[in-house]
Amino acid sequence: MITVKRVSVGSAFKVGAIVSLIISAITGLCFALFAGSILTTMSSIATSINQSGGTTTSLTQNDLAAFNAAGLTSLCISVGIQMVVAAIGGGLFSGLLAIAYNLTARWVGGLEVELHDDGYGFNAPVPPPSQPRYNPYAGGDKAKRHPNEGFDA
């Protein structure tokens, strides 16, 4: 058994921020697709009402295009703000959880984890450091000149 005695707050913040950002991006994309379909439907309804002459104020094509552009722009801005807020909030929450875990682990001893060695090197010996290869052209008085050194083609 291996006991996790401490979790790095900075590491927990980074991981929490990235995970929250990814989840927020996925949900933001779903929200944007849903809201975009509603905007498109509203625009087509307004166009059909306008063409049938059912309103006293007529909307021009420029008005409908401006409505679509403003709607899509505000949608993109709101999804972007949602992603930033979720990343910051997720990072802060994960950091606070790491602090709470560290305090709890100090009192009760931490989380015990059992790892299984499947033969891929949990307990494998560390290989010796490799020796630098001899390079006859590397510096020093006894270094050989490279055959092409000083030769201009």
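For the stretch 27-42, the criterion of being farther than 23 Å from Gly95 by Cα, hydrophobic (A, V, I, L, M, F, W, C), at pLDDT below 95 and within 18 Å of the chain's Cα centre (by Cα) is met by at least one residue. For the residues Asn50, Asn62, Asn68, the requirement of being in a helix (DSSP H, G or I), modelled with pLDDT under 80, under 32 Å from the mean Cα position of the chain (by Cα) and not small (Gly, Ala, Ser) singles out Asn68.
Any idea which of (1) closer than 21 Å to Ala66 by Cα; (2) loosely packed, with under 14 Cβ neighbours inside 10 Å is the one Ala46 doesn't satisfy? Here Ala46 meets the rest and fails (2).
The values are calculated or read from the model by the stated rules, or taken from the named source; none is laboratory data. Small disclaimer: the values here were computed from a predicted structure and weren't measured. Cβ coordinates were reconstructed from backbone atoms using ideal geometry, including for glycine residues, and neighbour counts include every protein chain displayed.
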